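A short write-up of the structure that comes next.
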Amino acid sequence: MAYRWTNTLTSEDVTPYSAYLNRRQLMGGAAAGVIASSVPMASSAQEALEPNTWEEITTYNNFYEFGTGKDDPARNAHRLTIDPWTVQIDGLVDKPGDYSFADIMSQMTIEERIYRFRCVEAWSMVIPWNGFELADLLDWVGVQSNAKYVAFETALRPDEMPGVSRPVLDWPYVEGLRLDEAMHPLTMMATGIYGRDIPKQNGAPMRLVVPWKYGFKSIKSIVRITLTEEEPPASWNVANPREYGFYSNVNPNVDHPRWSQATERKIGGGLFAKRQPTLMFNGYEDEVASLYEGMDLSEFI
Amino acid sequence: MVDALNTGLRRVPPWLLYVAAPVPVIWIFYLGLTGQLGVDPAKVIEHELGLWSLWLIIAGLAVTPLRRFAGVNLLKFRRAIGVITFFYLLAHLLTWLVLDVQFQNVWADIVKRWYITVGMVAFALMLPLALTSNNWSVRKLGAGVWRKLHKLVYPIAILGALHFLLLVKGFQWEPILYTLVIVGLLATRVKWSNLMTRTSLVRG
């Protein structure tokens, strides 16, 4: 189990927790003086895809169940009860049932994956996730031969989620993957960041991570996984099919109708951060392009 | 109450607004430069300046109804409010151009993306208003023409609200509230009695 996909980034690339705390202090001190960009930040470190800081990853989130502002999830998500947590796994599986998060964790091998994360809003981060391959979970519950898709559902708790009182989307948030996408070794269930438990604003206790797709595909705080024969609904696709397709692969050549997807702003570069070119499949082209062979990616957005 | 307010306002010179106007802009950029606007400061500044522009447009549109319905006279501040609105809009536009999209595909964005098209049209319509916001222009154009020209602020306000409506993801209340306020303020200018007479004439 595990380590079927080899990371080009290693744990060496992760800034140790204590080191980045120091760096924060350094930057804070320098910023008070002149400007933040005067801090000696090796440009080669940027080339090597330095992961974002814990602070950046955990304070800048889209999790509309807790509000539409980027800082709303960090402010409101503490209300989410994640213990106990049950995931209903059903549909075309051999062992359907309600699985406690602890049960799942006891069966899975946790590893670290440093992935690029590209939001459909044209910003990006690099995140050191901890978690397990979704394929391992699916193998454990046994996928039946007629299953073609995997549907996911986020918890819907009006008492704990202030954002769901407003009809921004048709709650609960749902997402889906084709079975081969779900079984791909890059696809993971994240349960941690920087070796710590994943914070609630990032989708605790368990969220999907599909690094070659726009961030909204990586559904958070999952309570249900259903294997299906038909393509399942995906919330943003339902809300606005012209802007958000079922596939939503990162693709610099196909613009969002309201903005270009050719470039992105990496979070954490400060006020004058330069836009960077967006990579096909978010840089995972070698690994995943074959999944879409023969498909017109400007049609299947 | 209203009289006291008006008397107090009479003592406030309009140039004070021009002195105060840059303060929020400088403050927002100071916060951005010192890392106090979160991890994506350019977006926050862009959004804040956009909101300030809308607030200022609403403030400008509120002057007439405030006088008519509440008796509060802010007329002498209206030109300053308008000129300041223009500069906030300019700051918003420059933030988008320099810090956000960084001059990439700007023209393509303007013609292709509806919310940007709408925003740019609003800004373009604002230019003649900003350029004629001086006594010389009022004299040169004549008060009637000048007043007619400055009614462009009505479509500008509508376009501003539309710009906000078009850019949010999903269903959100905030831009809808702005739109309702702006439409409400414009509705106070419609001479309903005239409209009624006209309709009844047609009917008659």
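Do we have any residue at all in segment B:2-21 that's within 14 Å of another protein chain (Cβ to nearest Cβ) and either in a helix (DSSP H, G or I) or on the phi < 0 side of the Ramachandran plot (or both)?
no
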_The lone exception for A:Lys220 - which of (1) within 14 Å of another protein chain (Cβ to nearest Cβ); (2) of a type in the set (Lys, Arg); (3) under 26 Å from A:Val143 (Cβ atoms) it fails_ = (1)
*So which residues in segment B:92-102 are within 14 Å of chain A (Cβ to nearest Cβ) and assigned to a helix (DSSP H, G or I)?*
B:Leu94, B:Thr95, B:Trp96, B:Leu97, B:Val98, B:Leu99, B:Asp100
*asked:* Out of A:Val164, A:Val174, I need the residue that is more than 28 Å from A:Ala289 (Cα to Cα), of a type in the set (A, V, I, L, M), modelled with pLDDT of 95 or more and in contact with an Asp or Glu (Cβ under 6 Å, 6 or more places away or on another chain). Which one?
replied: A:Val164
_Please go through segment B:98-120 and give me each residue that is surrounded by 15 or more Cβ atoms within 10 Å (Cβ to Cβ), out of contact with any Leu (no Cβ under 8 Å at 6 or more places or on another chain) and either of a type in the set (S, T, N, Q) or more than 17 Å from B:Ala161 (Cα to Cα) (or both), ordered by number._
B:Asp100, B:Val101, B:Gln102, B:Asn105, B:Asp109, B:Lys112, B:Thr117
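From the list B:Val111, B:Val118, B:Val83, which one is away from every other protein chain (no Cβ under 14 Å), within 21 Å of B:Ile158 (Cα to Cα) and assigned to a helix (DSSP H, G or I)? Can you show your working first?
Values: B:Val111 fails: away from every other protein chain (no Cβ under 14 Å); B:Val118 fails: away from every other protein chain (no Cβ under 14 Å).
Just one listed residue meets the conditions, B:Val83.
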*Tell me, please, whether a residue that is free of Cβ contacts under 8 Å to residues at least 60 places away in the same chain, over 19 Å from the mean Cα position of the chain (by Cα), part of a helix (DSSP H, G or I) and within 14 Å of another protein chain (Cβ to nearest Cβ) can be found in segment B:34-41.*
yes
_Considering only residues that are out of contact with any Lys or Arg (no Cβ under 7 Å at 6 or more places or on another chain) and within 14 Å of another protein chain (Cβ to nearest Cβ), which ones fall in segment B:168-187?_
B:Val168, B:Lys169, B:Gly170, B:Phe171, B:Gln172, B:Glu174, B:Pro175, B:Ile176, B:Leu177
*If you take just the helices (runs of 4 or more DSSP H) that sit entirely in segment A:15-86, which of them hold at least 3 residues that are more than 14 Å from chain B (Cβ to nearest Cβ) and modelled with pLDDT under 90?*
A:17-33, A:43-47
*Looking only at segment A:248-273, count how many residues are surrounded by 21 or more Cβ atoms within 10 Å (Cβ to Cβ) and closer than 27 Å to A:Phe152 by Cα.*
4
*Test B:Ile28 against the stated conditions and say whether it is within 14 Å of another protein chain (Cβ to nearest Cβ), aliphatic (A, V, I, L, M) and surrounded by 15 or more Cβ atoms within 10 Å (Cβ to Cβ).*
yes
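For segment B:146-161, indicate whether the set of residues that are under 30 Å from B:Leu33 (Cα atoms) and of a type in the set (Phe, Trp, Tyr) is non-empty. I'd like the intermediate steps shown before the answer.
Keep residues of segment B:146-161 that are under 30 Å from B:Leu33 (Cα atoms), which gives B:160-161.
After this cut, where a residue has to be of a type in the set (Phe, Trp, Tyr) as well, the list is none.
No: zero hits.
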*Checking B:Phe164 against (1) touching a residue at least 60 places away in the same chain (Cβ under 8 Å); (2) more than 14 Å from chain A (Cβ to nearest Cβ), which single condition isn't satisfied?*
(2)
*Unique match (being crowded, with 19+ Cβ neighbours inside 10 Å, assigned to a strand (DSSP E or B) and not aliphatic (A, V, I, L, M)) among A:Phe216, A:Phe132*: A:Phe132
_Residue check, B:Val2 free of Cβ contacts under 8 Å to residues at least 40 places away in the same chain, touching a helix residue (DSSP H, G or I) at 6+ places or on another chain (Cβ under 9 Å), β-branched (Val, Ile, Thr) and farther than 30 Å from A:Asp72 by Cβ_ = no
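Is it the case that some residue within segment A:284-297 is within 13 Å of chain B (Cβ to nearest Cβ) and outside any loop (DSSP other than H, G, I, E, B)? Walk me through it before giving the result.
Our first condition is that a residue be within 13 Å of chain B (Cβ to nearest Cβ); within segment A:284-297, this holds for none.
Among the residues of segment A:284-297, not one is within 13 Å of chain B (Cβ to nearest Cβ) and outside any loop (DSSP other than H, G, I, E, B), which makes the answer no.
Restricting the search to segment B:42-88, which residues are of a type outside the set (Asp, Glu) and in contact with a His (Cβ under 7 Å, 6 or more places away or on another chain)? Talk me through it step by step, then tell me what you get.
Initial filter on segment B:42-88 (of a type outside the set (Asp, Glu)): B:42-45, B:47, B:49-88.
Correct list: B:Leu49, B:Gly50, B:Ser53.
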*How do the pairs read when you match residues in segment A:250-264 that are in a strand (DSSP E or B) with residues anywhere that are of a type in the set (Val, Ile, Thr), using Cβ under 7 Å and keeping only pairs 6 or more apart or on different chains?*
A:His256/A:Val120; A:Thr263/A:Thr278; A:Glu264/A:Thr278
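The values are calculated or read from the model by the stated rules, or taken from the named source; none is laboratory data. The model shown is predicted, which means the values in this text are computed figures rather than measured ones. Note that each Cβ is placed from the backbone with ideal geometry, even for glycine, and that neighbours are counted across all protein chains shown.
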